[in-house]
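Have a look at the structure below before the remarks.
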Amino acid sequence: MEGNAMPSGNTQVRLASRPMGKPTPENFEITQTSLPEPSEGQLLLKILYLSLDPYMRGRMNATKSYAKPVEIGDVMEGGTVARVVRSRHPDFAEGDVVLSHSGWQSYALSDGAGLRKLDPQAAPLSTALGILGMPGFTAYSGLLTIGRPKPGETVVVAAASGAVGSAVGQIARIKGARAVGIAGGAEKCAFVRDELGFDAVIDHRVPDFAAQLVAACPGGIDVYFENVGGHVWDAVFPLLNDFARVPVCGLIAQYNSRPGEPTGADRLPLVMRDVLSKSLNIRGFIQREFADQRPDFYRAMAGWISSGEVRYREDIVDGLENAPAAFIGLLEGRNFGKLVIRVAAEN
Ligand SMILES: NC(=O)c1ccc[n+]([C@@H]2O[C@H](COP(=O)([O-])OP(=O)(O)OC[C@H]3O[C@@H](n4cnc5c(N)ncnc54)[C@H](OP(=O)(O)O)[C@@H]3O)[C@@H](O)[C@H]2O)c1
């Protein structure tokens, strides 16, 4: 629905069933409900952009994690950029644009809690979900607080063309380190090397991936920013130097694992041996732990984007109804850049 006319319905994407392994379109249900009416102190938000992120796969499981699961029948959760279309709240006016967590739907009510006003002149609005939002902040806080790269060190990151990984490698270079990216396929690798300026990049889908990684890291690895796990971790682990730092940010290679699925040989004793003998620092984090760094991040990242030191790529898919397929693709590496759904045109 374009323009100022108010539509009659709200399109929502709900969790229809819990996936066993890879999600399928049947795990989602697209429904129409009537448009909610804001009461006193509330706002009606029209969603412009919806962020699709790997963590949403965890929310589809019933298992307890660092956040509550989405219940069957509930609207899928997610970060959004939205326009205020009706306001009965003193702090927001119709036309304001905000960052919200409104989920997979075209309209949402809010009481204003947790909203952040965005300046549409300052940066493209979709960047509030990517390079200037949660994924960019994840890269910044995880790399600088846990990874602590020093000039001349080698920093390796996988999913290097994606929302988090692309920022990790570029920030590493700003700090004087050597950035080695790992990405899936020739096109993504060319982008990481030629557009983002990483020092080296390796395709994790080629048969001699592990040997190529050895060749790209002649002095070993000082910081490994862990985004994926799986066969990438297996290739990286033997190359970690003494005192290497490993911010464990994500393990996307195992998000679609079925409960109880065999995970292969138990390599924990080997890992623990090297944690001890190499004094490794392997440290998991969820970005919100570092929330007090957000003001510094916004300032630094805006500066790096305007100086051209950080570049970013977005993969924008039109239409909320296409969110399930796009999300399934994200877990298989079919996105190319920060995945965002354009739910409605900005004007
Ligand atoms: N800890 C936190 O607070 C936090 C916050 C945000 C994100 N994360 C994590 O950060 C990671 C990256 O997230 P993102 O939003 O930046 O996503 P993204 O990189 O934009 O997209 C996901 C990418 O993961 C790669 N991938 C998927 N399956 C894989 C597999 N089996 N093996 C190797 N690579 C695989 C694919 O890239 P290729 O085609 O290049 O392989 C895919 O494009 C995820 O693990 C996510 O959960 C953590």
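Below are the figures for this structure:
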{"item": "Shape of region 134-307, Cα gyration tensor, a/c cut at 1.5", "result": "rounded"}
{"item": "Sum of -39500 (n - 2.57) over DSSP H runs of 4+, divided by residues of the chain (222 nm, nearest 500)", "result": "-6000 deg cm²/dmol"}
{"item": "At R0 = 45 Å, FRET efficiency that the Cβ-Cβ distance of V271 and Q32 yields, to 0.05", "result": "0.35"}
{"item": "Amide H partners (placed H, <5 Å) of T154, local residues excluded", "result": "R178, D222, V223"}
{"item": "Separation between Cα centres of region 264-314 and region 63-96, rounded to whole Å", "result": "27"}
{"item": "Those aspartates and glutamates that a straight Cα-Cα span of less than 15 Å connects to K175, excepting residues fewer than 8 apart in one chain", "result": "E153, D199, D222, E309"}
{"item": "Neighbourhood net charge (13 Å Cβ-Cβ; Lys/Arg +1, Asp/Glu -1) for H204", "result": "-1"}
{"item": "Within straight-line cross-link reach of K117, lysines at Cα separation under 30 Å, skipping those fewer than 8 residues along the same chain", "result": "K46, K68, K338"}
{"item": "Per-residue HN-Hα couplings for region 280-288 [Karplus 6.51, -1.76, 1.60; θ = phi - 60°; Hz; x = Gly/Pro]", "result": "6, 10, 9, 9, x, 7, 10, 3, 5"}
{"item": "Global form of the chain, assessed from the alpha-carbon gyration tensor, a/c cut-off 1.5", "result": "prolate"}
{"item": "Phi-based couplings in Hz for region 324-332 (Karplus 6.51, -1.76, 1.60; Gly and Pro marked x)", "result": "x, 5, 5, 5, 4, x, 4, 6, 10"}
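A short reminder: the numbers here are calculations on the coordinates, not readings from a lab. Treat the numbers as computed from the prediction; the structure is a model and nothing was measured. Virtual Cβ from ideal backbone geometry, glycine too; neighbours counted across all protein chains shown.
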